[in-house]
Ligand SMILES: Cc1cc2nc3c(=O)[nH]c(=O)nc-3n(C[C@H](O)[C@H](O)[C@H](O)COP(=O)(O)OP(=O)(O)OC[C@H]3O[C@@H](n4cnc5c(N)ncnc54)[C@H](O)[C@@H]3O)c2cc1C
């Protein structure tokens, strides 16, 4: 395994649970990349319809995940409300809701008159909200470490501070990886290196159409508990939640700047002011809140905003899981499960054909989303 983010750690855990012998190499620390920067939204609503079956299955796993991993994940199933503020959006929202309900999601339209009861403090300018009660949020760093610790308990060898710098191959087979600490032979290689996966695969001559995203997060000072749901928006770049400490986490895709080589990312002043203004416009209790910390994460972004999952065409024993495009944390339990099923049993329990790297083959018509929610 290459990569100690939430996806790599989940895959390692699930592979070990199915009896595989696994070594995981992480160049820095567990949860150092996107997973340590994540907003922690655990959401089905607003997914690309190709991704929704995975999200539904994943959220079912979240219900008992803390117990399974024997760790506090700060998971709260408080619901997710996507706010609608323009008459245009409201007029066209019903088919968007219907498509998700038809796919199995519990999603309801809450009219303006009922919003203050559901969300005390909501701005009177909000016209409606689409409410999915089974969505929620969790702590992404704790979850990533919990997968890593559970994997270790099952015998996975986790090597932090150990960057993979090369691969050994024989024809179309990977036979080993090269690290700064030496070489290790392997029967199979899974690359789950987030935005750095492109460089890993390029060494093998595989082109990943993955770009680097740099979404920004704001953490406020703590306040008394006032918000149970995660708030998203049909029109704004917004994801807003109150975490266990009482602090608000504000994100939603406001961009910062990232440098992949150094692994550093920096906020933009205009994104900080824009993000705060968006949150304050819809949720009155934030009108005078102070900012405690701002950071930017480095995320792998695909052209169609859904991940690349599974076996790499042309190779006998190479798999990839990357390109989660700002919403991979929620999927981590099911992605670990289905990749391990594909590798150990030869067949995943969820059809992964929509996520193959081959969808980007030259000349293929990639289905681009109109708008995919962040977080
Ligand atoms: C600011 C922000 C907010 C987000 N909010 C949400 C949200 O609310 N809900 C949600 O579902 N998702 C959210 N996401 C997305 C989610 O966090 C990511 O999709 C997910 O964490 C990706 O995990 P990963 O393991 O694929 O990648 P990463 O966490 O980036 O892990 C990749 C790891 O690979 C390591 N690595 C790279 N190259 C090598 C190498 N050569 N050798 C060894 N190790 C290597 C890196 O050091 C890194 O630790 C958010 C992301 C960001 C950045």
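Of 115, 142, which residue is within 26 Å of residue 6 (Cα to Cα) and either within 16 Å of the ligand (Cβ to nearest atom) or assigned to a helix (DSSP H, G or I) (or both)?
Working: 115 fails: within 26 Å of residue 6 (Cα to Cα).
That would be 142, the only listed residue that is within 26 Å of residue 6 (Cα to Cα) and either within 16 Å of the ligand (Cβ to nearest atom) or assigned to a helix (DSSP H, G or I) (or both).
Consider segment 239-254. How many of its residues are part of a strand (DSSP E or B) and out of contact with any strand residue (DSSP E or B) (no Cβ under 6 Å at 6 or more places or on another chain)?
Count: 0.
Just to be sure before I move on: is residue 28 within 16 Å of the ligand (Cβ to nearest atom), more than 14 Å from residue 137 (Cβ to Cβ) and surrounded by fewer than 17 Cβ atoms within 10 Å (Cβ to Cβ) in the structure I sent? Lay out the reasoning, then the answer.
Details: within 16 Å of the ligand (Cβ to nearest atom): yes; more than 14 Å from residue 137 (Cβ to Cβ): yes; surrounded by fewer than 17 Cβ atoms within 10 Å (Cβ to Cβ): yes.
Judged against the criteria, residue 28 is a match.
Name, by its number, the condition in (1) more than 23 Å from residue 132 (Cα to Cα); (2) touching a residue at least 60 places away in the same chain (Cβ under 8 Å); (3) in a loop (DSSP other than H, G, I, E, B) that does not hold for residue 226.
Result: residue 226 fails condition (1) only.
For segment 300-331, which residues satisfy the criterion of being part of a strand (DSSP E or B), in contact with a helix residue (DSSP H, G or I) (Cβ under 7 Å, 6 or more places away or on another chain) and in contact (Cβ under 8 Å) with a residue 60 or more places away in the chain?
Across segment 300-331, the qualifying residues are 300, 308, 319, 320, 321, 322.
Please go through segment 321-336 and give me each residue that is more than 8 Å from the chain's Cα centre (by Cα) and either modelled with pLDDT under 95 or near the ligand (Cβ under 7 Å from one of its atoms) (or both), ordered by number.
The first filter runs over segment 321-336 and keeps only residues more than 8 Å from the chain's Cα centre (by Cα), leaving 321-323, 333-336.
Passing the criteria: 321, 322.
Please verify whether residue 274 is surrounded by 14 or more Cβ atoms within 10 Å (Cβ to Cβ), within 19 Å of the chain's Cα centre (by Cα) and farther than 17 Å from residue 119 by Cα, treating the condition exactly as stated. Even if it seems obvious, please write down each step before you answer.
Details: surrounded by 14 or more Cβ atoms within 10 Å (Cβ to Cβ): yes; within 19 Å of the chain's Cα centre (by Cα): no; farther than 17 Å from residue 119 by Cα: yes.
The answer is no for residue 274.
Give the residue, chosen from 216, 242, that is crowded, with 21+ Cβ neighbours inside 10 Å and either over 23 Å from residue 300 (Cα atoms) or over 17 Å from the mean Cα position of the chain (by Cα) (or both). Reasoning before the result, please.
Values: 216 fails: either over 23 Å from residue 300 (Cα atoms) or over 17 Å from the mean Cα position of the chain (by Cα) (or both).
Criteria check complete, one pass: 242.
Exactly one condition in (1) away from the ligand (no atom under 11 Å from the Cβ); (2) more than 22 Å from the chain's Cα centre (by Cα) is false for residue 264; which is it?
Going through (1) away from the ligand (no atom under 11 Å from the Cβ); (2) more than 22 Å from the chain's Cα centre (by Cα) one by one, residue 264 breaks only (2).
How many residues does segment 25-69 contain that are in contact with a helix residue (DSSP H, G or I) (Cβ under 7 Å, 6 or more places away or on another chain) and at positive phi?
2
Within segment 286-299, how many residues are part of a loop (DSSP other than H, G, I, E, B) and more than 8 Å from the ligand (Cβ to nearest atom)? So that I can check it myself, show each step before the final result.
Residues of segment 286-299 part of a loop (DSSP other than H, G, I, E, B): 287-290, 297-298.
Still in the running and more than 8 Å from the ligand (Cβ to nearest atom): 287-290.
Matching residues across segment 286-299 total 4.
Could you list, ordered by first residue, the pairs with Cβ atoms under 6 Å in which the first is in segment 24-52 and within 30 Å of residue 176 (Cβ to Cβ) and the second is part of a strand (DSSP E or B) and within 7 Å of the ligand (Cβ to nearest atom), at least 6 apart or interchain?
If the second residue must be part of a strand (DSSP E or B) and within 7 Å of the ligand (Cβ to nearest atom), the pairs left are 25/2; 25/164; 34/299.
Looking only at segment 186-212, filter to residues that are surrounded by 24 or more Cβ atoms within 10 Å (Cβ to Cβ) and either without any contact (Cβ under 8 Å) to a residue 24 or more places away in the chain or under 15 Å from residue 325 (Cβ atoms) (or both); which one of those is farthest from the chain's Cα centre (by Cα)?
210
I'm checking my understanding of the structure. Among residues of segment 354-373 that are closer than 17 Å to residue 55 by Cβ and either modelled with pLDDT of 70 or more or out of contact with any strand residue (DSSP E or B) (no Cβ under 6 Å at 6 or more places or on another chain) (or both), which one is surrounded by the fewest Cβ atoms within 10 Å (Cβ to Cβ)?
371
Among (1) within 26 Å of residue 97 (Cβ to Cβ); (2) assigned to a strand (DSSP E or B), where does residue 236 come up short?
Every listed condition holds for residue 236 apart from (2).
Just checking, which of 235, 183 is at pLDDT 95 or above, more than 22 Å from the chain's Cα centre (by Cα) and more than 10 Å from the ligand (Cβ to nearest atom)?
Working: 235 fails: more than 22 Å from the chain's Cα centre (by Cα).
None of the others qualify; the one that does is 183.
Looking at segment 305-320, which of its residues are over 21 Å from residue 257 (Cα atoms) and either surrounded by fewer than 24 Cβ atoms within 10 Å (Cβ to Cβ) or more than 11 Å from the ligand (Cβ to nearest atom) (or both)? Don't jump to the end; show me each part of the working.
The initial filter retains those residues of segment 305-320 that are over 21 Å from residue 257 (Cα atoms), namely 306-320.
306, 310, 311, 312, 313, 314, 315, 316, 317, 318, 319, listed by residue number.
Look through segment 152-180, keep the residues that are more than 27 Å from the chain's Cα centre (by Cα), more than 14 Å from the ligand (Cβ to nearest atom) and not in a strand (DSSP E or B), and return whichever of them is nearest to residue 327 (Cα to Cα).
Filtering segment 152-180 for residues that are more than 27 Å from the chain's Cα centre (by Cα), more than 14 Å from the ligand (Cβ to nearest atom) and not in a strand (DSSP E or B), the one nearest to residue 327 (Cα to Cα) comes out as 172.
The values are calculated or read from the model by the stated rules, or taken from the named source; none is laboratory data. In this text the structure is predicted, and so the values were computed from the model without any measurement. Note that each Cβ is placed from the backbone with ideal geometry, even for glycine, and that neighbours are counted across all protein chains shown.
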